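The values are calculated or read from the model by the stated rules, or taken from the named source; none is laboratory data. These figures come from a predicted structure and were not determined experimentally. Note that each Cβ is placed from the backbone with ideal geometry, even for glycine, and that neighbours are counted across all protein chains shown. Each accessible area value is taken on the protein alone, full model and side chains, heavy atoms only, with ligands, DNA and RNA left out. Shrake-Rupley method; radii C 1.70, N 1.55, O 1.52, S 1.80 Å.
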Amino acid sequence: MSAPARPSASAALFDTAIGVCAIAWSATGVLRFALPDRDPEATRTHIVRRHRVMDVREADPTPEIAEAITGIQAHLSGDLDDLRWIPLDTSPLNDFDRAVYEVTRAIDPGHTLNYGAVATRIGHPSGAQAVGQSLGRNPIPLIIPCHRVLAADHALHGFSAPGGLTTKQHLLEIERTPGFGEPTLF
């Protein structure tokens, strides 16, 4: 007797102002997002790798995903959008990660929170380290803007997307976040 077929998800690569990004989605919403890697083939490999509960294959974007891609392209070109209107599929995630991502997704472009503030907002005031670990697992960076979460001293620590801290800083600069590429008065 053969194993039951795994559900499938779709994925697509697309050009942006910062390089080739990728998005994977289910019937519910976005499952995974990839910022540019060292080359488009590495980005492709990342986005179509086996998902926890679904097989991922390249496909043409649905109208909803095409709209999301357009919004992401505009955002990365400096036409800032909170991207909260993009539907997500967080069903494979645990409750803690979902809570962290919900708070993180509410951070507007150009603003930041620290790990401790996120922990407090989800009801775990001593959970800053766990928040950092959760954000390190974030399968949907940019749309769940983990780059907007900083250390308590406003420093950049850890970013698991390709390019690491350089990419995190660049995203904050694109979003005109005070202290990152924008002059401040004081």
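Points to keep in mind about this one:
- D_trans [Stokes-Einstein, Kirkwood Rh over alpha-carbon pairs] for the stretch 32-73, 4 °C, 1.567 mPa s, µm² s⁻¹: 112
- For the chain, the longest principal axis of the C-alpha atoms and the axis of helix 95-105 are separated by about 60°.
- Of Asn94, Asn138, Asn114, the residue with the greatest mean-square motion in the GNM of the chain, using alpha carbon springs below 10 Å, is Asn94.
- Crossing angle, helix 164-174 versus the chain [Cα axis fit, 0-90 degrees, rounded to tens]: 70
- Hydrodynamic radius of the stretch 1-148 per Kirkwood, over alpha carbon pairs, in Å: 16.0
- Cβ-based net charge around Pro109, under 9 Å, with every Lys or Arg adding one and every Asp or Glu removing one: -2
- Only beta bridges with both residues in the stretch 1-149 are counted; by DSSP, about 60 percent of them are antiparallel.
- For Asn114, residues with placed amide H under 5 Å, excluding near neighbours: Leu150
- Share of carbon and sulfur in the accessible heavy-atom surface of the stretch 6-109 [1.4 Å probe, %]: 49
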